[in-house]
């Protein structure tokens, strides 16, 4: 009953907010990386190695033209403040060719990380933040490769009341190809319900995120406290060895509206 109620709130929140574009707040200003922090594996906080993250022609760009080899330099660009209840939209497309030495699984692979630990709490050699990943993928000329899947670096979730065994769970989205722009939205309601949306269609819903599981290396054990509910956290864009562009990163903060509704 509780899950059904939360899913109804989910739908209601989207219908109330997505239609009012005046309430969208841009997190990326189209000019520079003001308000964002860089963390790349093997480098100190805000060492933007090779200008991996940059702004070009009004877009936030992930580029590897300064890399001789990727060398597992997984990068994350963190927005300056955490959120708990919100609707986030990211418009992205894949470009160019993968960096030399990039892992095969990272081909045309990026994402936005949700409920992240803070960038300052990441160790120098840590590869991924403890977080929930809305994973962006693109397909080639043939085959199926859905986008807006869920990956769980250092986290666990419930889907239909059960904890999935897989690290990455496929969505029901179509496959996008040829550098097509995709609008990925995600509705986040604290540690109750999260909902992935692609070009207006819901493709994945999950509940009760907590810290736990693996697929994170070289982390601080005091940060990864397994079993702790993920009620809020930072938002981060990912760099996993394939060039990608973001033309919009915008948010509707639902925390005040959700508190009012909860207290009614």
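Give me a count of the residues in region 2-51 that are outside any loop (DSSP other than H, G, I, E, B) and at pLDDT 95 or above.
Start the filter on region 2-51 by keeping residues that are outside any loop (DSSP other than H, G, I, E, B), which leaves 2-17, 21-23, 25-26, 36-40, 49-51.
Then drop every residue that is not at pLDDT 95 or above, which leaves 25-26, 36-40, 49-51.
Qualifying residue count for the region: 10.
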*asked:* Every residue in region 214-237 that is closer than 25 Å to residue 186 by Cα, in contact (Cβ under 8 Å) with a residue 40 or more places away in the chain and either out of contact with any helix residue (DSSP H, G or I) (no Cβ under 8 Å at 6 or more places or on another chain) or not in a strand (DSSP E or B) (or both), please.
replied: 214, 215, 216, 223, 224, 230, 231, 232, 233, 235, 237
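So, residue 137, is that one surrounded by 19 or more Cβ atoms within 10 Å (Cβ to Cβ), at pLDDT 95 or above and touching a helix residue (DSSP H, G or I) at 6+ places or on another chain (Cβ under 6 Å) or not?
Details: surrounded by 19 or more Cβ atoms within 10 Å (Cβ to Cβ): yes; at pLDDT 95 or above: yes; touching a helix residue (DSSP H, G or I) at 6+ places or on another chain (Cβ under 6 Å): no.
Considered against the rule, which asks whether it is surrounded by 19 or more Cβ atoms within 10 Å (Cβ to Cβ), at pLDDT 95 or above and touching a helix residue (DSSP H, G or I) at 6+ places or on another chain (Cβ under 6 Å), residue 137 comes out as no.
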*Residue count for region 54-92, restricted to those that are in contact with a strand residue (DSSP E or B) (Cβ under 8 Å, 6 or more places away or on another chain), outside any strand (DSSP E or B) and either closer than 20 Å to residue 130 by Cβ or at pLDDT below 95 (or both)*: 6
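Please determine, by comparing only the residues of region 128-142 that are in a loop (DSSP other than H, G, I, E, B) and touching a strand residue (DSSP E or B) at 6+ places or on another chain (Cβ under 9 Å), which one is farthest from residue 93 (Cα to Cα). Write out each step before concluding.
Within region 128-142, the first condition is being in a loop (DSSP other than H, G, I, E, B), and the residues that meet it are 128-131, 138-142.
Remaining after also requiring touching a strand residue (DSSP E or B) at 6+ places or on another chain (Cβ under 9 Å): 128-131, 138.
Working: 128: 22, 129: 23, 130: 25, 131: 22, 138: 8 Å.
So, considering only residues that are in a loop (DSSP other than H, G, I, E, B) and touching a strand residue (DSSP E or B) at 6+ places or on another chain (Cβ under 9 Å), the one farthest from residue 93 (Cα to Cα) is 130.
Quickly run through region 85-100 and pick out the residues that are out of contact with any helix residue (DSSP H, G or I) (no Cβ under 8 Å at 6 or more places or on another chain) and either closer than 27 Å to residue 228 by Cα or without any contact (Cβ under 8 Å) to a residue 40 or more places away in the chain (or both).
88, 89, 100
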*Could you figure out which of (1) out of contact with any strand residue (DSSP E or B) (no Cβ under 8 Å at 6 or more places or on another chain); (2) crowded, with 20+ Cβ neighbours inside 10 Å; (3) within 18 Å of residue 214 (Cβ to Cβ) isn't true of residue 103?*
(2)
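So which of 175, 155 ends up being closer than 26 Å to residue 107 by Cβ and buried (at least 19 other Cβ atoms within 10 Å of the Cβ)?
Numbers: 175 fails: buried (at least 19 other Cβ atoms within 10 Å of the Cβ).
Only one candidate passes the filter, namely 155.
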_Restricting to region 169-204, name every residue that is farther than 24 Å from residue 256 by Cα, assigned to a loop (DSSP other than H, G, I, E, B) and touching a residue at least 60 places away in the same chain (Cβ under 8 Å)._
179, 180, 181
*In region 103-127, how many residues are part of a strand (DSSP E or B) and within 15 Å of residue 233 (Cβ to Cβ)?*
6
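The values are calculated or read from the model by the stated rules, or taken from the named source; none is laboratory data. The shown structure was predicted, so the numbers you read here are calculated from the model rather than taken from an experiment. Counting neighbours? That spans all protein chains shown, and the Cβs are built from the backbone with ideal geometry, glycine included.
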